[in-house]
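For reference, the structure is listed below as structure tokens.
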Amino acid sequence: MKWSSLTLFSKSLIALALAGGIGGAVYYLSPGLRVDESKQLEKLEVAGKDVNNMVTSAELPLPGDALSQTVASKPAVRIAGYAWNAQSGIIVANGGAKTAAGSMMEKSGVNLEIVRQDWLSELRNLQMKFVDEYDKGVNYPKEGVAGIMIMGDGVPFYISSAQQALDDKYGAGKYQLQVIGAVGLSYGEDKLIGPPSWKMNPQSMKGALVSAVIGDGDWVTAVNYASANGIKVNPDPATYDAEALNFLASANDDYIESAKELIKSQTQGWTVPLKEVKNGKLTGKSINKKVDGCATWTPGDKMVFDALTGFTDVVSTKEFNNQMATSLIFLRQWAESNKAMVSSILKASYTASNQMKQYDSWRKRASETTTQAFNVENAAYWYAMFKGQQGEKGGISYNMGGSRVFNLADANQYYGVSDGTNRYKAVYEQVSRYLKELNPAGFNQNVKRIVPYDEAVNLSFLKEVKDIDAGATYVTDYSKKATSVMASGEWRINFESGRATIRPEGKDVLEQIYNLLIQAEDSKLELIGHTDNTGTQDGNYALSTARAEAVKNYLIQKGIPADRFQKIDGRGQDEPAADNNTAAGKAQNRRVVISLLK
């Protein structure tokens with residue numbers, strides 16, 4: 001293939017690959033060179049209101065098998081997405097990969113084609129091809145896709161990198177990609193897989209190597225878990241830090257490869273050559289490291305559990321239940337020119353999804369259309385995986401699958417339209433912080449800026465959806481006592497000396513905590529305050545408790561429900577985390593430990 005025939009995005013990928021190769025040579029030949037240091041991130045956000053509304057409505061006719069003749073003459077709209085069960089609502093609304101007779105899309109006057117594409121890089125290429133033809137004056141391009149569906153927590157990475165390519169080719173600001181809504185939610189399907197020890201003792205993950213699509217939602221799940229448990233994250237996939245969680249960039253940006261690489265390493269002894277790093281410096285040594293875990297989703301999780309013994313789901317989107325919405329990304333200029341059509345796609349999806357929530361006949365039909373669209377497995381498989389399945393092997397239990405679909409009430413609540421708590425904004429801003437602080441694979445050098453939430457998300461299409469029952473906002477029940485710890489981490493929140501007044505810089509940390517709590521909305525909370533040994537023991541008990549209460553009050557003012565806090569306590573100076581004889585040690589001991597309970 002000639003260089004001149006390649007798209008700008010393809011050229012950019014090749015350039016990045018060459019740069020990576022050159023960089024790898026420099027790493028190898030230059031021990032002691034400064035590299036990206038492993039980072040201990042501020043904790044995640046876990047929200048307090050689970051998005052799962054039920055709206056009673058009459059059972060509607062199921063879509064048929066034949067292609068629609070009613071909309072066949074209309075311009076085709078193409079949307080590409082991964083093979084992912086949280087998309088089953090929009091797929092059954094369409095009656096399969098192409099609009100079927102009797103489907104919700106047909107009734108909405110939409111001629112839709114859903115294209116399976118599991119490679120993130122190819123999803124970008126498809127969208128770039130569409131923009132290229134649209135730029136030539138074609139109103140309904142036949143090349144590429146008008147929209148894509150990916151995990152919402154992968155959107156900051158995708159939109160920011162793709163936007164950079166658009167700006168470079170067409171000029172800054174001419175075209176923008178935007179999220180126009182969400183149609184589903186991963187609820188356990190996306191997960192970190194590893195040995196049971198990682199779940200029982202998260203600190204045992206230090207030094208592990210996890211295969212993942214870096215920057216995508218499953219990577220975020222693993223980073224979230226490490227962050228919530230105070231474990232550093234190594235942002236450089238070319239190096240190895242024994243004191244951090246390390247990542248291997250999965251081949252082809254493919255979540256199935258994440259599973260395959262773990263299986264190959266565990267069954268065949270396959271290893272990855274990595275340059276050893278300590279405290280952000282290369283030691284000059286190289287190690288060959290086996291892959292210890294992976295971040296993937298169905299059917300990748302089933303592949304792992306079928307092939308290996310001694311592995312389980314460590315953490316998933318069932319714990320971080322608001323983290324990963326099925327997000328639709330369109331070219332803003334095209335979407336706004338076709339606003340009625342785009343809003344009709346959402347409306348049809350929400351109507352079909354509400355049928356799935358109520359009627360088993362619709363869930364079964366969804367599994368049939370999903371099988372047809374994905375062309376993998378069978379309807380029984382997707383039906384079972386939508387609900388989620390449990391298994392056991394070698395005495396170790398594990399979970400597979402688990403998805404939800406959005407009706408209109410879910411979408412309005414998720415974006416805070418109905419209750420004022422914008423769950424997706426919390427996710428977007430948290431992941432944006434990860435990208436900025438971790439700089440995975442040189443992200444900040446290749447992308448000039450992270451597109452802010454207000455530019456990346458356009459809710460006007462969602463707000464145009466009318467004439468269907470939106471339902472009442474669902475509220476999580478926190479009355480039951482939580483009995484186990486999902487994650488526990490220590491936060492450095494700066495207070496005025498000897499007081500429980502939060503300093504301005506401490507509020508930045510609390511904003512990050514709030515974002516984490518929004519993502520794990522089903523969890524309850526325990527806050528334990530600690531001090532250094534300055535002052536009296538009794539005085540420090542009172543001060544540590546007051547500081548924990550100050551954190552609680554701040555979060556309540558932000559919108560976290562008061563009944564979500566199961567325990568507030570202060571341990572004073574009794575449980576130091578570091579040496580009180582040094583200033584640095586004292587600073588570490590002035591902390592609040594936040595535990596997520598389930």
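The values are calculated or read from the model by the stated rules, or taken from the named source; none is laboratory data. All values reported here derive from a predicted model rather than from experimental measurement. Cβ placement follows ideal geometry from the backbone for every residue including glycine, while neighbour counts extend to all protein chains displayed.
Just checking, which of A93, A97, A101, A80 is touching a residue at least 12 places away in the same chain (Cβ under 8 Å) and closer than 20 Å to Q163 by Cα?
Step by step, each of A93, A97, A101, A80 is checked, and only A80 is touching a residue at least 12 places away in the same chain (Cβ under 8 Å) and closer than 20 Å to Q163 by Cα.
Give the residue that is nearest to the chain's Cα centre (by Cα), with candidates limited to residues of segment 236-257 that are surrounded by fewer than 18 Cβ atoms within 10 Å (Cβ to Cβ) and in contact (Cβ under 8 Å) with a residue 24 or more places away in the chain.
N252
So is G154 at pLDDT below 95 and part of a helix (DSSP H, G or I) or not?
So G154 passes the test.
Within segment 258-284, which residues are in contact with a helix residue (DSSP H, G or I) (Cβ under 9 Å, 6 or more places away or on another chain) and free of Cβ contacts under 8 Å to residues at least 24 places away in the same chain? Reasoning before the result, please.
Start the filter on segment 258-284 by keeping residues that are in contact with a helix residue (DSSP H, G or I) (Cβ under 9 Å, 6 or more places away or on another chain), which leaves 258-263, 266-267, 270-272, 275, 282.
W270, T271, listed by residue number.
Restricting the search to segment 207-226, which residues are touching an Asp or Glu at 6+ places or on another chain (Cβ under 8 Å) and on the phi > 0 side of the Ramachandran plot?
The one that is touching an Asp or Glu at 6+ places or on another chain (Cβ under 8 Å) and on the phi > 0 side of the Ramachandran plot: G207.
State yes or no: is M104 over 23 Å from W382 (Cα atoms) and among the hydrophobic types (A, V, I, L, M, F, W, C)?
Values: over 23 Å from W382 (Cα atoms): no; among the hydrophobic types (A, V, I, L, M, F, W, C): yes.
Here the answer is no, as M104 does not meet what is asked.
Take the residues in segment 552-598 that are touching a helix residue (DSSP H, G or I) at 6+ places or on another chain (Cβ under 7 Å) and part of a helix (DSSP H, G or I); name whichever of them is farthest from N540 (Cα to Cα).
Ranking the candidates gives K558 first.
Which count do you get for residues in segment 373-390 that are surrounded by 17 or more Cβ atoms within 10 Å (Cβ to Cβ) and either more than 26 Å from the chain's Cα centre (by Cα) or closer than 29 Å to V465 by Cα (or both)?
Looking only at that region, the number is 5.
From the list S161, S211, exactly one residue is polar (S, T, N, Q), within 26 Å of W84 (Cα to Cα), part of a strand (DSSP E or B) and in contact with a Lys or Arg (Cβ under 9 Å, 6 or more places away or on another chain). Which is it?
The unique qualifying residue is S211.
Counting residues that are closer than 30 Å to Y514 by Cβ, outside the structural domain of L459 (by TED's automatic domain parsing) and among the small types (G, A, S), which strands (runs of 3 or more DSSP E) fully inside segment 268-380 reach at least 2?
Hits in segment 268-380: 293-296.
How about segment 157-205: which of its residues are on the phi > 0 side of the Ramachandran plot and surrounded by fewer than 23 Cβ atoms within 10 Å (Cβ to Cβ)?
Listed by number, the residues that qualify are G171, G173.
Tell me the residue from A577, A546, A562 that is surrounded by fewer than 20 Cβ atoms within 10 Å (Cβ to Cβ) and farther than 27 Å from E319 by Cβ, please. Quick ask: steps written out before the conclusion?
Values: A577 fails: farther than 27 Å from E319 by Cβ; A562 fails: farther than 27 Å from E319 by Cβ.
That would be A546, the only listed residue that is surrounded by fewer than 20 Cβ atoms within 10 Å (Cβ to Cβ) and farther than 27 Å from E319 by Cβ.
So Y82 clears everything in (1) of a type outside the set (D, E, K, R); (2) modelled with pLDDT of 95 or more; (3) crowded, with 23+ Cβ neighbours inside 10 Å except one condition, right? Which one?
The number of the failed condition is (2).
Which residue is modelled with the lowest pLDDT, if the candidates are limited to segment 293-335 and must be within 16 Å of the chain's Cα centre (by Cα) and of a type in the set (F, W, Y)?
Selected residue: F320.
Could you go through segment 258-266 and let me know if any residue there is exposed (fewer than 15 other Cβ atoms within 10 Å of the Cβ) and over 17 Å from A222 (Cβ atoms). Before you say what the answer is, go through the steps one by one.
First, the residues of segment 258-266 that are exposed (fewer than 15 other Cβ atoms within 10 Å of the Cβ): none.
So far as segment 258-266 goes, no, none of its residues is exposed (fewer than 15 other Cβ atoms within 10 Å of the Cβ) and over 17 Å from A222 (Cβ atoms).
Just checking, which of L525, L516 is modelled with pLDDT of 80 or more, out of contact with any His (no Cβ under 9 Å at 6 or more places or on another chain) and under 26 Å from G416 (Cβ atoms)?
Criteria check complete, one pass: L525.
Using the structure shown, decide if M128 is in contact with a strand residue (DSSP E or B) (Cβ under 8 Å, 6 or more places away or on another chain) and not small (G, A, S).
Taking the combined requirement at face value, the residue does not satisfy it.
Looking at (1) of a type outside the set (A, V, I, L, M); (2) without any contact (Cβ under 8 Å) to a residue 12 or more places away in the chain; (3) more than 16 Å from N85 (Cβ to Cβ), which one does N378 not meet, given that it meets all the others?
Among (1) of a type outside the set (A, V, I, L, M); (2) without any contact (Cβ under 8 Å) to a residue 12 or more places away in the chain; (3) more than 16 Å from N85 (Cβ to Cβ), the lone unmet condition for N378 is (3).
If you go through segment 391-420, how many residues are surrounded by fewer than 24 Cβ atoms within 10 Å (Cβ to Cβ) and of a type in the set (S, T, Y)?
Here the count works out to 4.
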